[in-house]
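Notes follow the structure.
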Amino acid sequence: MPYTAETPPRVLESPDELRARIPGWGADLDPADRPSFPRERFDPGATGAHWDFPERQEERWPRERSIEHAILTPVFGTSCPPKGLSGAIRKLSYARYSEARAAHWLLLLAADRVDAAESHLRSFVSLRPDDPITQTGILSERRRHGVRSRFGVGRADVTHQLLDPVIVFGPWVAAAALLRRGIRRARRGR
């Protein structure tokens, strides 16, 4: 009996008995009746593919390739070419470690953080540097009831709210302190 503590009796039924008792049982026993049977048959002409191996995408710069793979995949992304120190870290990760190793992924995470820092530094050279005040939404905290909307509504992000200012403004404060220290040392040196 289902849903009780008693173990149901084990009755081995023949395929004919199962087919009679359960509608559709054994419908796929005959390969001719299987819905997936044409896919199980090797017939390259039926797919419409005109190649044995797809055309290879042009490689404009040396791409990262996992050490598990003998060749680069035929198609790959080209939106973010590796550049600077972050690109060197990514290349090291792919050249030295397997994708099954944590070191591979930790190096890729570190490369992303380095890339973010490089982008911040590059923004200072450009005509439009990053603006942490407006881009982080700090100004909307007062205008759009930011503090009031966080309490009493069961939000999941309340636990890390105390760390958010440290994470967002910490690097900027540290950079300003280093810049100030450098300027003071330069003045003393004169």
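No lab work stands behind these numbers, since they all come straight from the coordinates. All figures in this text were calculated on a predicted structure; none of them were measured in a lab. Note: ideal-geometry Cβ built from the backbone for every residue, glycine included; neighbour counts use all protein chains shown.
With a simple spin-label model that places each label point 7 Å from the Cα along the Cα-to-Cβ direction, the separation between PHE76 and ARG128 comes to 3.1 nm.
Per-peptide packing, taken as the mean over residues of other Cβ atoms within 10 Å, places 106-112, 122-128 in the sequence 106-112, 122-128 from highest down. For the stretch 67-91, the residues whose amide N sits under 15 Å from a probe point set 7 Å from the Cα of TRP51 along the beta carbon direction are 72-77. Inter-label distance, SER149 to ALA95: 4.8 nm, where each label sits 7 Å from its Cα along the C-beta direction. Label reach from GLU68 (point 7 Å along Cα→C-beta): in the stretch 94-132, amide nitrogens under 18 Å belong to 94-109. Per-residue Karplus couplings for the stretch 61-72, computed as 6.51 cos²θ - 1.76 cosθ + 1.60 with θ equal to phi - 60°, are listed in order as 8, x, 8, 6, 9, 4, 6, 6, 9, 6, 10, 6 Hz, Gly and Pro entered as x. Panel values: the stretch 64-184, Kirkwood radius from alpha carbon pairs, Stokes-Einstein at 20 °C and 1.002 mPa s, translational diffusion coefficient 118 µm²/s. The gain in end-to-end length when the ALA186 to ASP30 segment is fully stretched comes to 47.6 nm, 0.36 nm per residue minus the alpha carbon separation.
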